[in-house]
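Just so it is clear, none of the values below were taken in a lab; they were calculated from the coordinates. Everything quoted here is computed from the prediction, not taken from an experiment. No Cβ is skipped: glycine too gets one built from the backbone with ideal geometry, and neighbour counts run over all protein chains shown.
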Amino acid sequence: MFHGAYALIRRMIRKGEVPDKRTYAILVNGWCSAGKMKEAQDFLEDMSKKGLNPPVRGRDLLIEGLLNAGYLESAKKMVRRMTKEGFVPDVATFNSLAETICKTEEVDFCIDMYHSVCKLGLSDITYKI
């Protein structure tokens, strides 16, 4: 069923239709829930290459999925890319990442990420450590 939905989205894109934020989120969430992080990541990258900028929520869902699956390095890489491109992770994503990173004692990355997202305008940061 999920593959059918993705095929429909690809067909829509070929015809010039742009997926909305909810569509991105549903697809990314579906892949992450199924443990298919690579597919979710490839989808977001493919959309970016086509000039169809994935919304922050789609990226946040992927980061959270990567963290839940134990792919900390991939999640960190995605956050670096997001902030470099001017996108700000939402507060829930930032907190999930900060909690996971601090458990691994990689506090320097956490501090660098904090400064990066503050420069981009993230506020209301809380800590669950």
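Looking for something surrounded by 17 or more Cβ atoms within 10 Å (Cβ to Cβ) and outside any helix (DSSP H, G or I) - is there at least one such residue anywhere in segment 48-60?
Yes, there is a match, as at least one residue in segment 48-60 is surrounded by 17 or more Cβ atoms within 10 Å (Cβ to Cβ) and outside any helix (DSSP H, G or I).
Among residues belonging to segment 76-105 that are assigned to a helix (DSSP H, G or I) and of a type in the set (D, E, K, R), point out the one that is surrounded by the most Cβ atoms within 10 Å (Cβ to Cβ).
So, considering only residues that are assigned to a helix (DSSP H, G or I) and of a type in the set (D, E, K, R), the one surrounded by the most Cβ atoms within 10 Å (Cβ to Cβ) is LYS76.
List pairs: first in segment 13-36 and in contact (Cβ under 8 Å) with a residue 12 or more places away in the chain, second in a loop (DSSP other than H, G, I, E, B), Cβ under 6 Å, 6+ apart or cross-chain?
Pairs that qualify, where the first residue is in contact (Cβ under 8 Å) with a residue 12 or more places away in the chain and the partner is in a loop (DSSP other than H, G, I, E, B), are VAL18/LEU52; LYS21/PRO55; TYR24/PRO54; TYR24/PRO55.
Suppose we keep only residues that are within 17 Å of LEU66 (Cα to Cα) and of a type in the set (Lys, Arg) within segment 76-118. Which one would you say is farthest from the chain's Cα centre (by Cα)?
Going through the qualifying residues, I end up with LYS103.
Take LYS36 and tell me if it is among the basic types (Lys, Arg) and either touching a Leu at 6+ places or on another chain (Cβ under 7 Å) or within 30 Å of ARG14 (Cα to Cα) (or both).
When the stated conditions are applied, LYS36 passes them.
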